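Following: one structure in structure tokens, then a few remarks.
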């Protein structure tokens, strides 16, 4: 058996340890910029979390989405929706009503 193990070198001639090291370096480069800079990314809320926070039924949320008045959402590759915490806060602040001065 060779020093590289029973499988031998990889297709490009590198040994397995070197290939594993390259994969680790590549995965570090794929991290979002916020993680690399040490800042916390904006929290992504599920629709259920938003509904619980707003105390509204799912049908109301669906109607708001149809009317275009719901907060902006992100659609993930698995087709699920997420709402950024900052977008929800901004959306709520934009709907504040000022009381009438008596």
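The values are calculated or read from the model by the stated rules, or taken from the named source; none is laboratory data. This one's a predicted model, so the numbers in the text were calculated from it and none came from an experiment. Reconstructed Cβ throughout: ideal geometry from the backbone, glycine too, with neighbour counts over all protein chains shown.
The C-beta contact set for the stretch 58-73 (first residue without any contact (Cβ under 8 Å) to a residue 40 or more places away in the chain and assigned by TED's automatic domain parsing to the domain that holds residue 48, second residue surrounded by 13 or more Cβ atoms within 10 Å (Cβ to Cβ) and in a loop (DSSP other than H, G, I, E, B), distance under 6 angstrom, 6+ apart or interchain) comprises 64/70. Scanning the stretch 59-102 for residues that are surrounded by 10 or more Cβ atoms within 10 Å (Cβ to Cβ) and in a loop (DSSP other than H, G, I, E, B) returns 69, 70, 71, 72, 73, 76, 80. Every condition in (1) modelled with pLDDT of 95 or more; (2) assigned to a helix (DSSP H, G or I) is met by residue 56 except one, and the failing one is (2). Every condition in (1) more than 23 Å from residue 42 (Cβ to Cβ); (2) in contact with a helix residue (DSSP H, G or I) (Cβ under 6 Å, 6 or more places away or on another chain) holds for residue 70 except the one numbered (1). Here residue 42 meets each of (1) out of contact with any strand residue (DSSP E or B) (no Cβ under 8 Å at 6 or more places or on another chain); (2) at pLDDT below 95; (3) not in a helix (DSSP H, G or I) with one exception, condition (1).
Residue 56 - would you say it is surrounded by 11 or more Cβ atoms within 10 Å (Cβ to Cβ) and touching a helix residue (DSSP H, G or I) at 6+ places or on another chain (Cβ under 6 Å)? Considered against the rule, which asks whether it is surrounded by 11 or more Cβ atoms within 10 Å (Cβ to Cβ) and touching a helix residue (DSSP H, G or I) at 6+ places or on another chain (Cβ under 6 Å), residue 56 comes out as no.
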